[in-house]
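The values are calculated or read from the model by the stated rules, or taken from the named source; none is laboratory data. Since the structure is predicted, the reported quantities are computational estimates derived from the model, not experimental observations. Counting neighbours? That spans all protein chains shown, and the Cβs are built from the backbone with ideal geometry, glycine included.
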């Protein structure tokens, strides 16, 4: 297998290089990093609130003109052009936005988390107790279904 040998040589050359990784501490603290990344990894190409109208095959939407004082403007595009631009942000089949590696990777995740807890001296959190229907309704909707006979729980299930 000549290809495997070539690839092994490529990897060996990379290993010989003294890689230096520098990561500056975040300005507002480590807690801000997931919030920052979340704005880019868990959003769609254009949010609903930016859509202004769709009339006679024309889509009008808000956009920000950074070149001219960060002003919000309205752009009008044909539906076809709007969809073409929107679909440029759609990942092809088989691609994902985020892949988790290392500790967060799915391979042997349970074993890695168990080892981390041992090293950090943390107890295993275990599985949470299942929540009752009544407790869930109260938590989610503020509707108190406790004490109501099951036959008359309309709106509570």
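Structural remarks
- Matching residues, segment 94-138, being in a helix (DSSP H, G or I) and surrounded by fewer than 10 Cβ atoms within 10 Å (Cβ to Cβ): 102, 110, 111, 119, 120
- Pick from segment 54-67, criterion surrounded by 10 or more Cβ atoms within 10 Å (Cβ to Cβ) and free of Cβ contacts under 8 Å to residues at least 12 places away in the same chain, ranking: nearest to residue 89 (Cα to Cα): 64
- Residue 29 being surrounded by 10 or more Cβ atoms within 10 Å (Cβ to Cβ) and either assigned to a helix (DSSP H, G or I) or at pLDDT 80 or above (or both): no
- Some residue of segment 46-53 being touching a helix residue (DSSP H, G or I) at 6+ places or on another chain (Cβ under 7 Å), in a strand (DSSP E or B), surrounded by 10 or more Cβ atoms within 10 Å (Cβ to Cβ) and without any contact (Cβ under 8 Å) to a residue 40 or more places away in the chain: no
- Residues being free of Cβ contacts under 8 Å to residues at least 24 places away in the same chain, out of contact with any strand residue (DSSP E or B) (no Cβ under 9 Å at 6 or more places or on another chain), more than 25 Å from residue 38 (Cα to Cα) and not in a helix (DSSP H, G or I) are represented in segment 68-87 by at least one member.
- Verdict on residue 42 being within 27 Å of residue 96 (Cβ to Cβ), at pLDDT 90 or above and under 22 Å from the mean Cα position of the chain (by Cα): no
- Residue 71 being modelled with pLDDT of 90 or more and surrounded by 10 or more Cβ atoms within 10 Å (Cβ to Cβ): yes
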